[in-house]
Amino acid sequence: VAILPAPQNLSVQSTNMKHLLMWSPVIVPGEIIYYFVEYQGEYESLYMSHIWIPSSWCSPTEGPECDITDDVTATVPYNLRVRATVGAQTSAWSTLQHPFNRNSTVLTPPVMEVTKDGFHLVIKLEDLGPQFEFLVAYWRREPGAKEHVKVVKSRGIPVHLGTMEPGAAYCVKVRTFVKAIGRHSPFSQAECVKVQGETLPLTL
Amino acid sequence: GLRRCLISMDIHHIEEAFQEIKKTIQAKDPFQNVTILSTSETLHRIKPLDVCCMTKNLLAFYVDKVFKDHQELNPQILRKISSIANSFLYMQKALRQCQEQRQCHCRDEATNATRIIHSNYDQLEARSAAIKSLGELDVFLAWIDRNHQGTSA
Amino acid sequence: LCISGGLPQPTNITFLSINMRNILQWSPPEGLQGAEVTYTVQYFIYGQKKWLNKSECRNINRTCCDLSLETSDYEHQYYAKVKAIWERNCSKWAETGRFYPFLETQIGPPRVALTTDEKSISIVLTAPEKWKRNPEDSSISMQQIYSNLKYNVSIYNTKSNRTWSQYVTNHTLVLSWLEPDTLYCVRVESFVPGPPRLAQPSDKQCVHTLKDQASALKVKI
């Protein structure tokens, strides 16, 4: 009986604290292959090395990838392993070569929407999840203007940044901060809005 | 080391992990007349200067004793306990930096409070003591949140 | 004395807690519609030795019991239980989970005072107060219990149909450079960082910014 091969080429792709474990699919013509993913945090590997925990979403799964975001929930190295099954056949475990630590995640500049409500500068930031704070810098577009900085935690709802003076243009840029791993993303491109001038009263 | 050891800790996801298993874990603890952390006698008497040492001692208490003595078969609960245990491991590393900067001095108050907690634990059979200590994680996390607030608000 | 277990237990027994006012509430036992069922409540301080009676909640008809006084030390944790009694039968005790007021109480909304002029609204917030036994007792602000208490102020411009929000920690907020002669509505929610808690936003309050004197002057000319 042919032995079912273990999945190969395990790797983790992690962006903005979303972690995806991937591997090369095991092919058996005419059969549906199921995969089981398990993980072990540093605690388990130090104190309970025999313990492996079934992944939240991939015990089993069909595709050659697994979202391990809800499993890797501490900033410590995690061991990850996968095996394939078809019918009663089960492959050997294939283990990620190097433990994965979420502090290696790629942080991208966040998407923002800068608007105004009258003289009020308002920003709406994409919802990247509860671990993200946003460092918002805004300034009046003129030489030597002072840069104001605000930490925003609200996600997905318009947040008031500041009050603008009539006729002026204001620019905004933002980056994320993830306290759990102590890292920032790069700043986004600056976006600017111009405030309509106020209709001056007739001077007598 | 008079400067307080304030380290950046993201407590809230640990609190959320515990909230999801709190009812189940606490329901497994039959001894309502016994506490391990015995809040008013120990934790609430800790002064700011002793917060680092007490945090270090209690993290070690959970990592070296409680999580080891508890055997969990339910995968959902196992995942949450693993999340908390690995987060405590990370917090221990973060505290080590304070130790190197001599901001984690242990005075008698913290040492005695820790001794009371270990003694409470040892008066119960290991598994019962472990499940009770797990059930009191909300007390420990609330205490950490309040005492390390400069960083985790 | 009654025959224990002769009745089904009360159900859905929980604490409803807002600003440390802790009310035990439950649903009547099933299948006893029309029967004159009464209830008796006891409570337990976690780590102490025995269950304690709540005399005002012995043989009561209602399905709630105010245990605020008995659970006022919010650093402790508590259990409560209730049993149903009808004629010579009574149910087994129905018990709550462990109740931790410090982490579980809902933080009520602040008191919100709005004053306005042509182009600004000033908002003054007063932190909610902890439950107290007698109105004459001295007040304790929830801010004294939760030093990291914040407020999420949301402002709705009825003319532009736009809403934006702002987190504030202090108690006054001035919204300047608003549009004159416009109706703005404000809603405020208290917020304590930490484990998730139910939140109670304040009632919506609306206020009209005054007419712009300058444009009124222009009209006169």
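Quick notes
- Between B and C, roughly 1900 Å² of accessible area is buried in total, ligands, DNA and RNA not counted and the probe set to 1.4 Å.
- Space enclosed by the convex hull of the alpha-carbon atoms of chain C, per residue, Å³: 177 Å³
- Protein accessible area in the stretch A:3-63, 1.4 Å probe - carbon and sulfur %: 57 percent
- Given R0 = 35 Å, the distance between the Cβ atoms of B:K47 and B:Q123 translates into a calculated FRET efficiency of 0.85.
- Note on A:E191 and A:I3: with the Förster distance fixed at 41 Å, the Cβ-Cβ geometry gives a FRET efficiency of about 0.10.
- With R₀ set to 30 Å, the beta-carbon distance separating A:V111 from C:T158 gives a calculated FRET efficiency near 0.55.
- For the chain pair C and A, the interface hides roughly 1600 square angstrom of accessible area in total, found with a 1.4 Å probe.
- Cut-off under 5 Å, modelled amide H: who pairs with C:L7 long-range: C:C90, C:S91, C:K92
- Residues in the stretch A:116-135 that, when all protein chains are in place, have 40 Å² or more less accessible area than the chain alone would give (probe 1.4 Å): A:D117, A:F119, A:H120
- No disulfide-compatible partner, judged by a Cβ distance under 4.7 Å, exists for the following cysteines of chain C: C:C64.
- The string of couplings for the stretch C:46-59 from the Karplus curve (6.51, -1.76, 1.60, θ = phi - 60°) is 4, x, 8, 9, 9, 5, 10, 7, 10, 4, 6, 10, 10, 6 Hz, one whole number per residue in order, with x for Gly and Pro.
- Chains B and A together, accessible area buried on both sides, 1.4 angstrom probe, square angstrom: 1800 Å²
- Ratio Rg/Rh, restricted to the stretch C:1-100 and using Cα atoms, in which Rh is the Kirkwood radius: 0.97
- Reference-scaled alpha-carbon Rg (2.2 N^0.38 Å with N residues) for chain A: 1.49
- Listed pairs B:K65/B:K93; B:K28/C:K50; A:K179/C:K130; A:K18/B:K23; B:K22/C:K50; B:K47/C:K49 exceeding 25 Å between Cα atoms: A:K179/C:K130; A:K18/B:K23; B:K47/C:K49
- For the stretch B:2-147, the fraction of 1.4 Å probe accessible surface lying on carbon and sulfur atoms is 50 percent.
- Anisotropy class of the stretch C:107-215 from Cα gyration tensor, a/c 1.5 cut: prolate
- Neighbourhood charge, 13 Å Cβ-Cβ cut-off, centred on B:L73 and excluding it, Lys, Arg +1 and Asp, Glu -1: +2
- Cα shape, the protein assembly as shown, gyration tensor, a/c 1.5 rule: oblate
- Ordered from highest to lowest accessible area with the whole protein assembly present and a 1.4 Å probe, C:W93, A:W139 read as C:W93, A:W139.
- Taking a straight line from the alpha carbon of C:K204, these aspartates and glutamates sit under 17 Å away, with near neighbours fewer than eight places off in the same chain left out: C:E189.
- Spatial separation of Cα centroids for the stretch A:5-83 and the stretch B:101-135, in angstrom: 35 Å
- Working from label points 7 Å from Cα in the Cα-to-Cβ sense, the C:A199 to B:Q76 distance is 2.6 nm.
- Distance (nanometres) between label positions extended 7 Å along Cα→Cβ at C:W177 and A:E126: 2.9 nm
- Accessible area ranking (1.4 Å probe, heavy atoms, ligands and nucleic acids excluded), largest first, for B:L43, C:L69, A:L10: C:L69, A:L10, B:L43.
- Neighbourhood charge, 11 Å Cβ-Cβ cut-off, centred on B:D145 and excluding it, Lys, Arg +1 and Asp, Glu -1: -2
- Quick note on the stretch B:62-153: its Rg to Rh ratio, both from C-alpha atoms and Rh being the Kirkwood radius, is 0.98.
- Of all aspartates and glutamates in the structure, the ones whose alpha carbon falls short of 20 Å from that of A:K194, not counting any fewer than 8 places away in one chain, are A:E113, A:D117, A:E142, A:E147, A:E165, C:E179.
- Net charge, C:K211 excluded, C-beta distance under 10 Å - Lys, Arg +1, Asp, Glu -1: -3
- Positive-end residue of C:I45, C:P28, C:F15, charge dipole of the stretch C:1-62 with Cβ unit charges: C:I45
- For residues of B:84-92, the mean tally of beta carbons on other chains within 10 Å: 6
The values are calculated or read from the model by the stated rules, or taken from the named source; none is laboratory data. Since we're looking at a predicted model, the values are computed, not measured. For neighbour counting, all protein chains shown are included, and Cβ atoms are generated from backbone atoms with ideal geometry for every residue, glycine included. We work out accessible area using only protein heavy atoms, side chains counted, and drop any ligands, DNA or RNA first. Shrake-Rupley method; radii C 1.70, N 1.55, O 1.52, S 1.80 Å.
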